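Quick note: the coordinates plus some simple rules give every number you see, no bench work behind them. All values derive from a computational prediction rather than experimental measurement. Using ideal geometry, Cβ is built from the backbone for each residue, glycine included, and neighbour counts are taken over all protein chains shown.
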Amino acid sequence: MIEFTAWMQSNWYELGTLFAEFVFLAAGIWFARKILRTMRASQEQVGALLKLSVTGAAADRQSANAAGERPFASASPYWLTPSEIPSAGSQEPPESRPAHSGLGHGLVLWLNTPMSSGGVAPWRKAIRWLQSPTGS
């Protein structure tokens, strides 16, 4: 026991560094797992929206019964077999909704607006001003 204590006292800095490296490794693994879970949830949401937009709500209810018959249904619930994809002529027109249907519509309009007017960027104006002679 005395030898171990003497070894710890002589190598305390290396021991602390090793402990800190393990802490950073654990934090990195935890963070990576959280990011991967978030990405997977996002992909599943996009898959659900894509499936809903392709098949429609009525076909979604019917495909839930057929999901048990497919061998690859356990891999992802958003796989579409050729029999589940509706033909181009059977699609219904999208539902009409009021022009201003709340915060969501305003947010979509705001996101669709261009970020710049196509003119000269402000930082370029500042650089030109800095480069210009002082008397002009």
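Points to keep in mind about this one:
- Between residue 13 and residue 38, the simple label model (points 7 Å from Cα in the Cβ direction) yields a spacing of 3.8 nm.
- Length released on extending from residue 48 to residue 115, taking residue separation times 0.36 nm less the Cα-Cα span: 21.2 nm
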